[in-house]
Structures are given as structure tokens and as C-alpha cells.
């Protein structure tokens, strides 16, 4: 059985230009501002007392721990944040690389979505740009997406 990807994918509030208060300056706030992102992160972070670690496979979305996934999928953002605070969980590391991993996860499961990023203000925050790739198909889509990654896209 697979998870409903809508329960772990949320990117509307992190797109540059759409939200002046984008939580893209560190990875803790990036996840703590969205129930969907935090659900994803709780599945990923190996911390003491985190029974939600590896609830589902991020590549296949297959549920690996049905009872834990059921509980996590029903939790509110407030309840998850309280769990993080109570257990003093922290996911230290490369903030922008961590956030980029989440964007890659979205791209893997949303076929018409691509992102590009830019680190701004002396490494203070990451601008995230959304690209709808639905108008491209096949090889053209692959070339466009690769161009985004390489920073060499040409607008039509």
C-alpha cells in the first residue's frame, strides 16, 4: 500500500515571489512551517524516540510501518511541532542541501514540477523558483529539465 503523496508534498509557500516570509533561511523552519514537509522530515530524520523514522519509502511511497504512518498522517502541524520540541529533535547539517533534497523528492513524484534555486544574501536564504513542465513532452521535457539544472534554459 502507498501513501497519499498530498500528505507529504507542499511547496506553495516556499516559492520566491509568492510569500515574502518564505521559510527558506534554515532547514528547521523550512519543515516546521508545513505539516506536509514536517511529515516528510519525520519520516527521514533518525532521532531518539522517533517511531516515524522510515514509515514509508521515499522512492516508491510504499508504507513500511502501517500503524506509525496512520498516526503520522493524521497528526496536525501543531502536534508534530510539539513532538519535535518535546523530544528536542534537531536536524543539523547543510540547510540548503537538506531543503534541496526535499525539492528533489517533489520532482520525483510530481512529473510536471521542476525547481531551480539560488543562494542569496551571503548564504542567508535560498530562493526557490517553480517551473511548470507540463507543456513539454518526451525528449523536449528532458532537455528543458536538464537545462534548468544546468542553468542554461532559454524561454520561449
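A search for C-beta distances below 9 Å between a residue of region 1-15 that is over 14 Å from residue 72 (Cβ atoms) and any residue that is loosely packed, with under 10 Cβ neighbours inside 10 Å, counting only pairs 6+ apart in sequence or on different chains, returns 13/21. Close contacts from region 93-105, counting a first residue that is on the phi > 0 side of the Ramachandran plot and a second that is crowded, with 16+ Cβ neighbours inside 10 Å, with Cβ to Cβ under 9 Å and a gap of 6+ residues or different chains, come to 93/27.
Looking only at region 31-63, which residues are surrounded by fewer than 19 Cβ atoms within 10 Å (Cβ to Cβ), farther than 18 Å from residue 109 by Cα and either at pLDDT below 95 or touching a strand residue (DSSP E or B) at 6+ places or on another chain (Cβ under 6 Å) (or both)? Within region 31-63, 32, 45, 46, 47, 48, 49 meet the criteria. Cβ separations smaller than 6 Å between residues 6+ apart or across chains give the following pairs from region 77-91 residues that are touching a residue at least 12 places away in the same chain (Cβ under 8 Å) and on the phi < 0 side of the Ramachandran plot to residues that are in a helix (DSSP H, G or I) and buried (at least 16 other Cβ atoms within 10 Å of the Cβ): 77/35; 80/38; 81/32. Looking only at region 106-156, count how many residues are out of contact with any helix residue (DSSP H, G or I) (no Cβ under 7 Å at 6 or more places or on another chain) and surrounded by 11 or more Cβ atoms within 10 Å (Cβ to Cβ). Looking only at that region, the number is 21.
On the stretch given as region 1-30, residues that are within 24 Å of residue 124 (Cα to Cα), buried (at least 16 other Cβ atoms within 10 Å of the Cβ) and touching a strand residue (DSSP E or B) at 6+ places or on another chain (Cβ under 8 Å) total 6. Screening residue 132 against (1) over 16 Å from the mean Cα position of the chain (by Cα); (2) over 19 Å from residue 5 (Cα atoms) leaves a single unmet condition, (2).
The values are calculated or read from the model by the stated rules, or taken from the named source; none is laboratory data. Keep in mind that what you see is a predicted model, and the values were worked out from it rather than measured. All Cβ positions, glycine included, derive from the backbone under ideal geometry; neighbour counts span all protein chains shown.
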